[in-house]
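Worksheet: one structure, shown below.
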Amino acid sequence: MAGIMSSSTPTHPTLGDVRTAFQDKTLSATEFRGCTTLVVQAEDLHEVMHFLRQDPACDYNLLADVTAADYLDYPASQPARFGVTWVLRSHAHDRMLLVRVWIDPELDTSGIEEDPGLVVDSVTDIWPGSEWREREVFDMFGIRFRGHPDLRRILLWRDYPGHPLRKDYPLRGRGERENHNVIDRSSA
C-alpha cells in the first residue's frame, strides 16, 4: 500500500508534504503523547531523510538523536525486532519529527557476527553530526550504517564480545569484566 497509513491519523504538518512527495512509497505514521513518528521502509530511508532536510516546507535542519530499541520478547507485537529512530528538529518551523525504520536480524544475535539484516543507510552525508550517534547505535546494538565514513566502536573497546543493549546479551556479560586488573585508591 502506498501513502501514509495510521489507525489514529496523526495531524503533523510534515506528513502531507511527505505523502505528496512519496506517493509510491509504503509509509506509516503514529502519534503518541504529542510525538509523531514517520515509519519508513529501510530501502527508502535515505531518500526520505534527504527530502526532510532539503525541502523548504520541511527544513529539518537538526538531527537531535539517533537511537535504537530491541523489542525481543516485547509484550505487544512489533513489525520487527529492532527499531532504529532518528529525532529531527526544524528550527524554521518549530517542529519535531521522529523517523523510524524496522529491521529484523537474519542470524542469531547472541554472537558478534555481522548480520546482513541489521543494516540501514547512514545519514552522515545529510547531517554530519550523526556520525557519532550512528557509531553509538552500532556499538550498543550491532546495527550497521551503510555509507558511514568511520563505523567503529565508540564506547567499548574494539574486541568487546557483543552488543550489550541487545536483549539476548547476558546480564552478567561474557567474562569481559573478569579479565582486567582492578584499580583502587591505593594503587592509583
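The values are calculated or read from the model by the stated rules, or taken from the named source; none is laboratory data. All values reported here derive from a predicted model rather than from experimental measurement. Every residue, glycine among them, receives a Cβ derived from its backbone with ideal geometry; neighbour counts consider all protein chains shown.
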When residue 45 is run through (1) at pLDDT 95 or above; (2) exposed (fewer than 15 other Cβ atoms within 10 Å of the Cβ), the failure sits at (2)
If we scan the range 28-41, do we find a residue that is within 30 Å of residue 142 (Cβ to Cβ), of a type in the set (A, V, I, L, M) and surrounded by fewer than 16 Cβ atoms within 10 Å (Cβ to Cβ)? no
Among the residues listed as 65, 125, 121, the single one being within 12 Å of the chain's Cα centre (by Cα), at pLDDT 95 or above and closer than 14 Å to residue 145 by Cα: 121
What are the pairs with Cβ atoms under 7 angstrom where one residue, in the range 103-126, is at positive phi and the other, located anywhere, is at pLDDT below 95 and among the aliphatic types (A, V, I, L, M)? Sequence gap at least six, or different chains. none
Here are some conditions: (1) under 29 Å from residue 138 (Cβ atoms); (2) at pLDDT 95 or above; (3) out of contact with any Leu (no Cβ under 6 Å at 6 or more places or on another chain); (4) not aromatic (Phe, Trp, Tyr). Residue 56 meets all but one. Which one does it not meet? (1)
